[in-house]
């Protein structure tokens, strides 16, 4: 007989499956090794809450072989995400102070301008990380939501005479966290720090309409 898997170990897989249900924006499962005690879901208003609950029950049963009482599933519905004008990158500046690099990013959104500054160790790859993080911090300030971004990984892939820069971004909301990936090309004439900012923004742009609804209280 195989070793019994603790139900808790299935939570990330189940949350990912729930997030694929039509209308669901994010989810968080609470429980222990023995059972699921709560499932919290944020969804838009495109579907009836009872339909969502039924679909979530089915997904959890099929994906994890777990039967969940509908009373353990709570649905918070928010207005349908509207097309959002994306924050625009207007300037990236890098200054050095000995072994320290200071990256300053300027962004604009709906007429409001924000300057975000991050400093850290002066190394080629870390400067790209700092630039990406500064851009993400600027977006946080512009949107004023309950969302926080963090740069997870910075990857440079040679492609011919150019490079592809990919940025992995961790998105943290009250419902949990997820990882998004964005990328852009860096050619001989491009500014690498600017490309790092654009790759980070590429990672989150497709989700900004949904994330912007998680307003601070």
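The values are calculated or read from the model by the stated rules, or taken from the named source; none is laboratory data. Keep in mind that what you see is a predicted model, and the values were worked out from it rather than measured. Using ideal geometry, Cβ is built from the backbone for each residue, glycine included, and neighbour counts are taken over all protein chains shown.
Only one of the numbered conditions (1) assigned by TED's automatic domain parsing to the domain that holds residue 38; (2) in contact (Cβ under 8 Å) with a residue 24 or more places away in the chain is violated by residue 109, and that is (1).
Look at residue 27 and say whether it is touching a strand residue (DSSP E or B) at 6+ places or on another chain (Cβ under 6 Å), at pLDDT 85 or above, surrounded by 19 or more Cβ atoms within 10 Å (Cβ to Cβ) and closer than 23 Å to residue 172 by Cβ. For residue 27, the condition - touching a strand residue (DSSP E or B) at 6+ places or on another chain (Cβ under 6 Å), at pLDDT 85 or above, surrounded by 19 or more Cβ atoms within 10 Å (Cβ to Cβ) and closer than 23 Å to residue 172 by Cβ - is met. When you scan region 65-77, do you find a residue that is outside any strand (DSSP E or B) and within 23 Å of residue 171 (Cβ to Cβ), even just one? No, region 65-77 contains no residue that is outside any strand (DSSP E or B) and within 23 Å of residue 171 (Cβ to Cβ). For region 169-177, the count of residues that are in the same structural domain as residue 93 (by TED's automatic domain parsing), more than 18 Å from residue 27 (Cβ to Cβ) and at pLDDT 85 or above is at least one.
Of 94, 105, all but one fail to be within 20 Å of the chain's Cα centre (by Cα) and either over 21 Å from residue 173 (Cα atoms) or not in a helix (DSSP H, G or I) (or both); the exception is 105.
Could you list, in sequence order, all residues of region 30-52 that are farther than 30 Å from residue 143 by Cα and either touching a helix residue (DSSP H, G or I) at 6+ places or on another chain (Cβ under 8 Å) or buried (at least 19 other Cβ atoms within 10 Å of the Cβ) (or both)? If the condition is that a residue be farther than 30 Å from residue 143 by Cα and either touching a helix residue (DSSP H, G or I) at 6+ places or on another chain (Cβ under 8 Å) or buried (at least 19 other Cβ atoms within 10 Å of the Cβ) (or both), then 31, 32, 33, 34, 35, 36, 37 are the ones that fit.
Is it the case that residue 58 is surrounded by fewer than 19 Cβ atoms within 10 Å (Cβ to Cβ), in contact with a helix residue (DSSP H, G or I) (Cβ under 7 Å, 6 or more places away or on another chain) and at pLDDT 85 or above?
Numbers: surrounded by fewer than 19 Cβ atoms within 10 Å (Cβ to Cβ): yes; in contact with a helix residue (DSSP H, G or I) (Cβ under 7 Å, 6 or more places away or on another chain): no; at pLDDT 85 or above: yes.
Here the answer is no, as residue 58 does not meet what is asked.
For residue 64, the conditions (1) out of contact with any helix residue (DSSP H, G or I) (no Cβ under 9 Å at 6 or more places or on another chain); (2) modelled with pLDDT under 90 are fulfilled apart from (1). Of the conditions (1) modelled with pLDDT under 95; (2) surrounded by 14 or more Cβ atoms within 10 Å (Cβ to Cβ), residue 76 satisfies every one except a single condition; which number is it? (2) is the only condition that residue 76 fails.
A single entry from 94, 114 fulfils the requirement of being free of Cβ contacts under 8 Å to residues at least 60 places away in the same chain and in the same structural domain as residue 136 (by TED's automatic domain parsing): 114.
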